[in-house]
Amino acid sequence: METGGSLVQAIRKPTLTPKAIIHQKFGSKASYTVEEVEEPTQNGCPGLAILQKGPCLYRCSLDLPDFTVVSGSFKKKKDAEQSAAQIALEKLGINLSADSPTAEEAWRELIARVKYIFSNEFLSALHPLSSHFKAALRRVGDLNASVPASVIAICDGKLNNLCKIINPTVESHPLLVLSYIMRAAAGLPELVVGAEGQLSIWRKDPYPPNVIESSISQQSDVAESISTMAIYIPCSPEKAVEPVILNISSTGYYFDVIAQILGLSDANMVLVSRTIGKASSETRFYFAAPKSYPLDMSSDLLNAKVVPFGGPLNARASSLCGQDIYGDSILASIGYTWKGQDIFHEDVTLQSYYRMLISKIPSGVYKLSREAILAAELPLTFTTKTNWKGSFPREILSSFCRQYRLLEPVFCVSSIPLKVSSELSRSNNKPGVSESADQEREYTNENESVDVDPKLVVSGSSFTCEIKIYSKCQDLILECAPNVLYKKQNDAVQSASLKVLSWLNAYLKDIDMSLEKEKQLANVFDIKFYRQIFFKEVVKCLSVCNCQHNETLGRKEPELNGVVENDASYINIEGTDSDLCPSNGSLLCVCYSVSLVTKGELQKELLESIEEFEFEMGTGAVIPCLEAVVSQMSVGQSACFYTELPPEDLVLAAAKDLANALAFLTSPCCLEYSIILLQVTEPPEDRMEQALFNPPLSKQRVEYAVQQIQEFCATSLVDFGCGSGSLLESLLEYPTSLETIAGVDISQKSLSRAAKVLHSKLVMKSDFDAPCRSIKSAILFYGSITDFDSRLCGFDLATCLEILYSKISISNSQSQLFSEVNPI
C-alpha cells in the first residue's frame, strides 16, 4: 500500500469525440450509414476444407453537405462511426487536440450560450430546459417567467462542460456552475435580469405572444394533476426518513411544489443535485439555499472559490449523492427529458431509497443484481463464466466507478508465452508475473466483452491483468496487479476486478481499521492505493452509510432462545437422504424464503423468496450460514434455521411490505430461512481434474506422448482424434525430428480451432532457435478413425489420445500405421 508519492496521470481524453464535433458543426446535416461487411478468412493449413466465417465487422459511411467519407472495418459499430468522423475532421483540417478552447474562449462561449438559451428560438426547441421555461411562463405574480438558476445548471450539458474548461474544480464542486451562470447573465443586461443575491434569471422583455403560442402547442394534453412519491430526508439524523407525495397540477410548476414542502416561499431558492444512478435518470436531491446565497462574483475566472454554504450538512443525503447537500432535502425522480415536452416522473419509495443505500458498496450491487439481498454475497473467487451468476465483477467495478464519479477503470492485459508461464509455475508456489511478458495492451472499460488483439497473442499464452482507477481529475486512486496467470484473458480481467471489489468491500465495511490492518488487507488483495485521494473521492461519500456497520440501528439486540447464527445444532433438516450431496465446485439450485419472525414465532413477515436460485458451492456466493446448512443436505431435503438480524438497511431493502417490516423491527425478532435443495450439478470433468491433479491428467498424457515421440527418429506423424490440436500444438513447442504433422477428427468445429492454433504457431516460427523449426507443414483432415483414407498412408507414426470408440476393423494398410506406436 502507498499513502503518498507522485501520482501517475491517466491519458487525457479529448474534450469531445470526433462524432460530437461533427454534430456541433453540422447537426442533422451529418448522416451516418453503418453496414455489415464480410472479410474472407484464411486458415493457412492445407488439407482443411472447411468453410470458415470471419468475425462480424462494420463499415460506416458519413455523408456531409460537401463530401462523403468511408471508414475502415471495425468490430464495433460505434468505432466505425467515430473513425468516419475522424476522417472527416482530418479532411476539414480540424485537429482534435488543437480544437479544445482556452478558458477565455470557453467564457465567451458560455455568455453566448446563455444568450441563446433566452432567445425566442430556444423556447420552441426540443430541450429539457426549454420545457422548464414553458412551465415558468405559467407561474403567477412576480415569479412569472422566472427560471431558477439551478435548473439551467443541471439541464444544459454544454454549460457544464464550458464551466469545467474554465475551472476544472467544477467537477468536485458543481454548485460553482451557479456562480458562472449568474456572472454570464450579468454580462447580458440588455437581454436578461437577475436580482442581486438571488438565484433566478428572467428575460428583460417578455416573449412575443406568437412564440409562446407556438411553443405551448407542442405540448400534449396532460391530466389535471400528477402525483408521484418522493422521499423526505431530514437534516437531523435523529429524525426518520419518510415518504411524501408531490401533487403537481397541469398548470403548476413542480419546483413550486417542492419548495412548499421544504418550507420555501420562492422556488428559485431550491438547489438541485447531480443525478443519482444512471446518467439518463432524473433522480435528484432538492434542497434549500440560504436566504442570501453567497456567490463568488469576482473577476478571476480560473480561481473562482467555493463560498461556504453556511447551513448544516445533511449527512445521509450527502453520502448517497456524493455531493454536499445542506438542510432538509427531498429525493425525487421528476423532470423534463429529451423524449418529449411533458413532465417525466416515477415513484421513489422507501424501499428504493434503502436499495440505493446498500448499492454504495460492491456486495450490495451484487445482491441487487441477483435480487437476493438476504441470501447472496459477492463471491470470493471467479471460477468460470458459466458458473458465475449475477452481474460480472467487471460490470460491478464499472458501476462502482460511475457511482462515485470516477473515470472508467483502466485494464492492462499482458500475455505470457506458454513456455515462460510454465517456468513461472514451476519456480513459484503460485504463478507470478514475469517482466518478459510477451505483449501488453491497455484499454478502458466498455459494455462489450474484453478481447486482446489476436495478432498480439501467442497461441497457448497465459494472461494476467492489472487495473488502475483514476479520479475525474485524473489522479491515480488505486491499482491492482495480481501475480496470477489465467488461460483466458477474460478470466484474468474478471478475477482482477473481483480482487478490487473484494478489497473495496472489506475496506468500506471497516473504514476505521488500524494502519497495520489496512496494510495487511492491501497486501492480501495485491492493492496499492493512495490513501488521501481515496478518502477524498470515495470514503467521504460513505461517512454515514448505515449498511457498512454490523450493528442494528436504534434498537436493542433480539434475545431469542435457540437462535444462534452459524450454529448447525439449531438446524432442522427434513426429508429422505438421496445421497446426492453438494461438494465444492458443484452448481446448486435451491428454493428458499426469508421471513422476519418474532420471539416464539408468534408472527411472521415474508421478506424475500426465490423459487430457483443457483450458486456455486465453495466460492462464498451466499451468506456463510446458508452455505453451511446446504452442505449438510441432499437433493430433495428441506431445512429451516434462524439467524440474527443483519444491518437494518438490508432488511428494509428486501422487504416486500415496508410498513409491516418496520413494525416487526420495533420488537425483538430474527430471520427464519427455509430452504429446499432442488438440484446438484457436479463440476465438469476438466475442473475436477485440475482440482485433483497438478498438472491436469490431460496435460500429463500429452507430455508423455511427446516424450515417446521424441525417442523415434520419425519425420511424419498423424494424430487420430486430434480435437483442437493439443498434441500437435505441443509438438511445436519441443525439438523433434518431425517435418510433417497431421490430424484427423470428426468435429469440424474442433478442426477449425486447431487450424487457427497451428497456423499462428507456424507463422511465428521465424525464430531459427524455435523448437518447431524442423516442422514444415501441418495438415488437418476431416474424417473418422474407423474409415480408411489412402491419404494417411506413409506416415511414420500414429497417435490416438483420449478417444472412445467401439470395436473397429482396420485394414492391413492402416494397421501398418499403428505398428510403431507405443500404447499411451
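The values are calculated or read from the model by the stated rules, or taken from the named source; none is laboratory data. Since we're looking at a predicted model, the values are computed, not measured. FYI the Cβ positions are ideal-geometry reconstructions off the backbone, even for glycines, and counts take in every protein chain you see. Note: areas computed on protein heavy atoms with side chains; ligands, DNA, RNA excluded. Shrake-Rupley method; radii C 1.70, N 1.55, O 1.52, S 1.80 Å.
Reported count of residues in segment 369-384, each being crowded, with 19+ Cβ neighbours inside 10 Å and either small (Gly, Ala, Ser) or not in a loop (DSSP other than H, G, I, E, B) (or both), is 4.
Being touching a Gly at 6+ places or on another chain (Cβ under 9 Å), on the phi > 0 side of the Ramachandran plot and at pLDDT below 85 is a condition met by no residue of segment 759-781. Remark: pairs (first residue in segment 526-551, over 26 Å from residue 645 (Cβ atoms); second residue modelled with pLDDT of 50 or more and charged (D, E, K, R); Cβ separation under 7 Å; 6+ apart in sequence or on different chains) = 526/499; 528/479; 533/475.
Would you confirm whether any residue within segment 213-234 is buried (at least 21 other Cβ atoms within 10 Å of the Cβ) and either in a helix (DSSP H, G or I) or at pLDDT below 85 (or both)?
Let us first name the residues in segment 213-234 that are buried (at least 21 other Cβ atoms within 10 Å of the Cβ), namely 215, 230-231, 233.
Right, trim to either in a helix (DSSP H, G or I) or at pLDDT below 85 (or both) and you get 215.
Yes, the conditions are met somewhere in segment 213-234.
Among the residues making up segment 326-347, none is at pLDDT below 90, closer than 17 Å to residue 286 by Cα and outside any strand (DSSP E or B). When residue 463 is tested against (1) in a loop (DSSP other than H, G, I, E, B); (2) modelled with pLDDT of 50 or more; (3) open to solvent by less than 20 Å² (accessible area, probe 1.4 Å), exactly one condition is not met: (1). When we screen 428, 387 for residues that are modelled with pLDDT under 90, over 22 Å from residue 651 (Cα atoms) and surrounded by fewer than 19 Cβ atoms within 10 Å (Cβ to Cβ), the only hit is 428.
Before we move on, is residue 334 at negative phi and in contact with a His (Cβ under 6 Å, 6 or more places away or on another chain)? Walk me through it before giving the result.
Working: at negative phi: yes; in contact with a His (Cβ under 6 Å, 6 or more places away or on another chain): yes.
Answer is yes for this residue.
Of the residues making up segment 96-154, those that are outside any helix (DSSP H, G or I) and open to solvent by less than 20 Å² (accessible area, probe 1.4 Å) number 6.
Counting only helices (runs of 4 or more DSSP H) that sit completely within segment 602-684, those holding 2 or more residues that are more than 26 Å from residue 350 (Cβ to Cβ) and open to solvent by 10 Å² or more (accessible area, probe 1.4 Å) correspond to 624-630. Any idea which residue in segment 715-736 is nearest to residue 787 (Cα to Cα), counting only those that are over 43 Å from the mean Cα position of the chain (by Cα) and modelled with pLDDT of 90 or more? This residue is 720. Across segment 100-156, what is the number of residues that are of a type in the set (Asp, Glu) and assigned by the TED database to the domain that holds residue 268? So the count comes out to 2. Does any residue of segment 165-181 turn out to be in the same structural domain as residue 143 (by the TED database), without any contact (Cβ under 8 Å) to a residue 40 or more places away in the chain, open to solvent by 20 Å² or more (accessible area, probe 1.4 Å) and within 18 Å of residue 116 (Cβ to Cβ)? Scanning segment 165-181, I find no residue that is in the same structural domain as residue 143 (by the TED database), without any contact (Cβ under 8 Å) to a residue 40 or more places away in the chain, open to solvent by 20 Å² or more (accessible area, probe 1.4 Å) and within 18 Å of residue 116 (Cβ to Cβ), so the answer is no.
How many residues, within segment 253-282, are of a type in the set (D, E, K, R) and over 14 Å from residue 150 (Cα atoms)?
Looking only at segment 253-282, we keep the residues that are of a type in the set (D, E, K, R), and these are 256, 266, 274, 278, 282.
Filter once more, so that each one left must be over 14 Å from residue 150 (Cα atoms): 278, 282.
Residues that pass the stated criteria total 2.
Does residue 190 satisfy being surrounded by fewer than 20 Cβ atoms within 10 Å (Cβ to Cβ) and at pLDDT below 80? Spelling it out, it is not the case that residue 190 is surrounded by fewer than 20 Cβ atoms within 10 Å (Cβ to Cβ) and at pLDDT below 80.
When only residues in segment 241-281 that are touching a Leu at 6+ places or on another chain (Cβ under 8 Å) and assigned to a loop (DSSP other than H, G, I, E, B) count, which is surrounded by the fewest Cβ atoms within 10 Å (Cβ to Cβ)? Step by step, filter segment 241-281, then rank; the result is 241.
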